[in-house]
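Written out below as structure tokens is the structure these notes cover.
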Amino acid sequence: MSYSMIIGGQKRTANDFRDVLNPSTGGVVGRMPLATRQDLDDAVEAAARAFATWSREADAVRSAACHAMAARIEAHAEELARLITAEQGKQLNGLGSRFEVGGTVAWTHATADLQLEVEVLQDTPEGRIELHRRPIGVVGSITPWNWPLLIASWHIVPAVRAGNTVVIKPSPYTPLSTIRMVELINEVLPPGVVNVVTGSDDLGAMMSSHTGIQKMVFTGSINTGRKVMAAAAPTLKRLTLELGGNDAGIVLPDADSKAVAPGIFWGAFINGGQTCAALKRLYVHDSLYDQVCAELVEFAKTVRMGDGMDEKSELGPIQNEMQFNRVSELVEDACRHGGRVLLGGKPRGEGGGYFYPVTFVADVQEGVRLVDEEQFGPVLPIIRYSDVEGIISRVNENPHGLGGSVWSSDSGRALRMAQQLQCGTAWVNKHGGIQPNAPFGGIKLSGLGVEFGVDGLKEYTTIQTVYC
Ligand code: NAD
């Protein structure tokens, strides 16, 4: 089936298309239209036209529209979940595509209920000063392939809630669920408020430098984030960049190996490790290193990987060939540098799918690529340490700064250590959980700005200070 873009509330087809493939089977899921420069210009123009009225709508109207968007998505939840599984690969159940659609609905309702109040900075006989929040204009959104629907909603909903209009470009690997969601929400939004264009990476570059776009929100890799920032510089676009992570988890000597294993496992392997804030390097104290390794291996053996459409699957394949090859290469490199594979380690790739088994690599240290770089796949390096005092500074040497966690039977001690981690989100005895009422974002190379909650909503506004 050939999909259409949505520009100004109308379907827009293309002369050229690209096949979108199912990572479990290699089969064609649908055909993505390839936008031209003219399509992008038309989408930006439609969004600018819609902004003139949408930005002046009453706040209650915009809030109600966001609730209505959530209701349209919810009414098509199963259809969207199956589309996500088909194009992204993740399984339907557990922390898979049904969970992703449920999260999209929940986040959309929560964002609809956020309020940006006028702040009174001064109210004295000398005068009154108010701080107002104004929408920015046309927001350009670029999303990755790991959580295609959820991340698209994280960009679209706060932008629209705050009075902006949107042109979104999903990843060329997973564009279909975003197209379908934009089609559905256009049933309850005025034309042009949310537009979707699809194509290759070049289209993202064109958006980042487009003179008609006032803000870019980008979720993806650090390297592409840098390109977006550079391309946005001449027009001084506002930016939110949610980039890659290499989250550390630190297991302290007093942790209960058996109790922490399931939380560590799912913190690392949610979505097959293809999650920005997954646990990507595990530091375990020497005194319980072998026990933790053994517990993780035992737990992993109970988890079933398979075709995403199989109701019994708990993990799916890697999403694309490039990522599959990268994960294979990082494991091979780690083995060449002394890494010991405890489980997995050999690509499966059966049935035309990009299946890579859950893999643990022990006895690796910093200086090995699997530890230093973001693997973004179902592989966890387990690093041995003995100096508890020095572990935080060792972990903080990595240039990423998205998330981190500390695991211990003494949660007060773990909390004190977690607060010293250089990262945007820190967890105690858990990893990766996020909520719509709590800001989320990276520091250091992991990004700029935050999403979620009132702080996230503010990123879709500029300040106007009013002296009354
Ligand atoms: P990617 O950077 O390769 O692609 C992301 C998007 O950018 C795609 O839509 C792509 O078409 C587009 N793009 C590519 N080149 C571009 C350019 N020059 N200008 C503008 N756009 C361009 O990332 P990916 O492989 O799709 O996603 C995986 C990465 O995303 C990982 O590093 C992961 O950690 C990160 N991520 C971060 C978060 C977060 O919230 N911090 C969330 C999810 C994923």
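The values are calculated or read from the model by the stated rules, or taken from the named source; none is laboratory data. Computed from a prediction, not measured in an experiment: that's the story for all the values here. Because the Cβ atoms are built from the backbone with ideal geometry, glycine has one as well, and the counts that use them run over all protein chains shown.
Only one entry of R128, R49 meets the criterion of being surrounded by fewer than 22 Cβ atoms within 10 Å (Cβ to Cβ), within 28 Å of A232 (Cβ to Cβ) and in contact (Cβ under 8 Å) with a residue 12 or more places away in the chain, and that entry is R49.
For G103, the conditions (1) in a strand (DSSP E or B); (2) surrounded by fewer than 23 Cβ atoms within 10 Å (Cβ to Cβ); (3) within 16 Å of the chain's Cα centre (by Cα) are fulfilled apart from (1). Residue count for the range 12-34 under the criterion of being within 30 Å of E314 (Cβ to Cβ), touching a Leu at 6+ places or on another chain (Cβ under 8 Å) and loosely packed, with under 15 Cβ neighbours inside 10 Å: the result is 2. Pick from the range 202-237 the residues that are of a type in the set (D, E, K, R) and near the ligand (Cβ under 8 Å from one of its atoms): which of them is farthest from P135 (Cα to Cα)? That would be D202.
Does T143 satisfy the condition of being closer than 25 Å to P378 by Cα and in contact with a Phe, Trp or Tyr (Cβ under 9 Å, 6 or more places away or on another chain)?
Details: closer than 25 Å to P378 by Cα: yes; in contact with a Phe, Trp or Tyr (Cβ under 9 Å, 6 or more places away or on another chain): yes.
So T143 passes the test.
Results for (1) among the hydroxyl-bearing types (S, T, Y); (2) within 17 Å of G345 (Cα to Cα), shown as yes or no for each residue.
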position: E295; (1), (2): no, no
position: K301; (1), (2): no, yes
position: G308; (1), (2): no, no
position: S313; (1), (2): yes, no
position: E321; (1), (2): no, yes
position: F324; (1), (2): no, yes
position: V327; (1), (2): no, yes
position: A334; (1), (2): no, yes
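Taking the stated definitions as given, is V284 of a type in the set (A, V, I, L, M, F, W, C), away from the ligand (no atom under 15 Å from the Cβ), assigned to a helix (DSSP H, G or I) and more than 14 Å from I142 (Cα to Cα)? Quick ask: steps written out before the conclusion?
Working: of a type in the set (A, V, I, L, M, F, W, C): yes; away from the ligand (no atom under 15 Å from the Cβ): yes; assigned to a helix (DSSP H, G or I): no; more than 14 Å from I142 (Cα to Cα): yes.
Criteria not met by V284.
Among all residues of the range 238-255, there is none that is away from the ligand (no atom under 15 Å from the Cβ), without any contact (Cβ under 8 Å) to a residue 24 or more places away in the chain and either on the phi > 0 side of the Ramachandran plot or surrounded by fewer than 17 Cβ atoms within 10 Å (Cβ to Cβ) (or both).
Scanning the range 106-143 for residues that are in a strand (DSSP E or B) and touching a Cys at 6+ places or on another chain (Cβ under 6 Å) gives a single hit, R128.
Would you confirm whether any residue within the range 156-168 is in a helix (DSSP H, G or I), in contact with a helix residue (DSSP H, G or I) (Cβ under 6 Å, 6 or more places away or on another chain), assigned by TED's automatic domain parsing to the domain that holds M216 and within 26 Å of S24 (Cβ to Cβ)? No, that holds for no residue.
When each of V466, V428, V395 is tested for being away from the ligand (no atom under 16 Å from the Cβ), over 28 Å from T224 (Cα atoms) and either crowded, with 20+ Cβ neighbours inside 10 Å or over 26 Å from the mean Cα position of the chain (by Cα) (or both), the lone residue that passes is V466.
Considering only residues that are among the hydrophobic types (A, V, I, L, M, F, W, C) and away from the ligand (no atom under 16 Å from the Cβ), look in the range 256-269 and name the one that is nearest to the chain's Cα centre (by Cα). I'd like the intermediate steps shown before the answer.
Initially, the range 256-269 is screened for residues among the hydrophobic types (A, V, I, L, M, F, W, C), giving 259-261, 264-266, 268-269.
Filter once more, keeping what is away from the ligand (no atom under 16 Å from the Cβ): 259-261, 264-266.
Details: A259: 28, V260: 25, A261: 24, I264: 19, F265: 19, W266: 16 Å.
Going through the qualifying residues, I end up with W266.
On the stretch given as the range 65-90, residues that are closer than 18 Å to Y460 by Cβ and of a type in the set (A, V, I, L, M, F, W, C) total 4.
I434 meets the conditions (1) over 22 Å from the mean Cα position of the chain (by Cα); (2) aliphatic (A, V, I, L, M); (3) outside the structural domain of G345 (by TED's automatic domain parsing) in every case but one. The failed one is (1).
Which one is surrounded by the fewest Cβ atoms within 10 Å (Cβ to Cβ), of the residues in the range 435-456 that are of a type outside the set (A, V, I, L, M) and assigned to a helix (DSSP H, G or I)? Only one residue tops the list, namely D455.
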